[in-house]
Amino acid sequence: MQFLLRLVARLPLPLLHAIGAALGWVVYAVSPRYRRMIGRNLESAGLGSVRLRASVVCETGKGALEIPAIWLRPHRDVAALVIEAKGWDHVENAAKRGTGLILLTPHLGCWEVSGQYIASRMPITVMYAPPNLKSLEPLMKAGRDRGATMRSVPADMRGVRAMLKALRRGEAIGILPDQVPGVGEGEWAEFFGRPAYTMTLVSRLAEQTGAPVLLCYSRRLSWGRGYRFEIEPLLAPSPAESPVRTLNRSLERLIGRCPEQYLWSYNRYKVPAGVRAPGG
């Protein structure tokens, strides 16, 4: 498996994306569950057009196949794939506060390249959940740990403690904010019209440290030209709005700019083991 991934990583990005788009359609054709998940999530978000669904299938395939290149190419080469950057002044202004910085990278565009790009400009500690294929975990961790600038920590209490320490050193941390948390680690909040169990870790870390929170993503540019990195603050909370709903509303706005590159195949609305479903 690792030998095959290393071969894939050597392919030029335009070719990787072309093959990925084709593989996306293969998976869509042979997996009824995959088709249902994409269709249901798009429909509930009010994004049920046939044209958008076709784009989602292609972009999801591209996203799967580009990951080996991000993990296995030299850090400098990966960071150089970001050919445009917008909003970095938000990072510079936040860094002046000295309270650390919480960077949220949802399942939008290429979140792996976002982490590498940030690490090329400042130290960052990122939290990860182990992949379903255990054999890929060492490869993933090696691809994310880039010397003194990037460190990955597990999504458990050890990882939370490591992130707190990074924030107190005035450094940045990275979190996937639309990852479904475990029991006792989230609250139900609306996300594109449906209740989604949403992590409370972001608001807890921000409250404990005073660190500002920014949202970022790297949009795939056409014809494999690279990526455009964009970063911006969370939306201001509405009156009586919970922090998790503010987070989800901010994610909805970001995804709305580039809905074809969101990971609609992810089961964002699952009920984790031990969690009571809303209304249950």
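A few notes on this one:
- Pairs, first in contact (Cβ under 8 Å) with a residue 40 or more places away in the chain in the range 1-22, second open to solvent by 80 Å² or more (accessible area, probe 1.4 Å) and aliphatic (A, V, I, L, M), C-beta under 9 Å, six or more apart: M1/L133
- Number of positions in the range 179-214 that are in a helix (DSSP H, G or I), open to solvent by 20 Å² or more (accessible area, probe 1.4 Å) and in contact (Cβ under 8 Å) with a residue 40 or more places away in the chain: 4
- A Cβ distance below 6 Å, combined with a sequence gap of six or more or placement on separate chains, defines the contacts here; from the range 114-130, residues that are within 21 Å of L221 (Cα to Cα) and part of a helix (DSSP H, G or I) reach residues that are open to solvent by less than 50 Å² (accessible area, probe 1.4 Å) and small (G, A, S) in the pairs S114/S218; G115/G174; Q116/A79; Y117/A79.
- Members of the range 23-38 that are without any contact (Cβ under 8 Å) to a residue 40 or more places away in the chain, under 13 Å from A54 (Cβ atoms) and in contact with a helix residue (DSSP H, G or I) (Cβ under 7 Å, 6 or more places away or on another chain): W25, Y28, R35
Residue by residue, here is whether (1) part of a loop (DSSP other than H, G, I, E, B); (2) of a type in the set (S, T, N, Q); (3) open to solvent by 60 Å² or more (accessible area, probe 1.4 Å); (4) modelled with pLDDT of 95 or more holds:
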{"site": "P14", "(1), (2), (3), (4)": "no, no, yes, yes"}
{"site": "G20", "(1), (2), (3), (4)": "no, no, no, yes"}
{"site": "G39", "(1), (2), (3), (4)": "no, no, no, yes"}
{"site": "S55", "(1), (2), (3), (4)": "no, yes, no, yes"}
{"site": "T60", "(1), (2), (3), (4)": "no, yes, no, yes"}
{"site": "L65", "(1), (2), (3), (4)": "no, no, no, no"}
{"site": "E112", "(1), (2), (3), (4)": "no, no, no, no"}
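- Among the residues of the range 114-137, those that are at pLDDT below 90 and out of contact with any helix residue (DSSP H, G or I) (no Cβ under 9 Å at 6 or more places or on another chain) comprise A129, N132, L133, K134, E137.
- Just one of the listed residues (R220, R276, R268) is open to solvent by less than 60 Å² (accessible area, probe 1.4 Å) and more than 26 Å from D77 (Cα to Cα), namely R268.
The values are calculated or read from the model by the stated rules, or taken from the named source; none is laboratory data. What you see is a predicted model; the values in this text were computed from it and never measured. All Cβ positions, even for glycine, are placed from backbone atoms using ideal geometry, and neighbour counts span all protein chains on display. Surface areas here come from the heavy atoms of the whole protein model, side chains and all, with no ligands, DNA or RNA. Shrake-Rupley method; radii C 1.70, N 1.55, O 1.52, S 1.80 Å.
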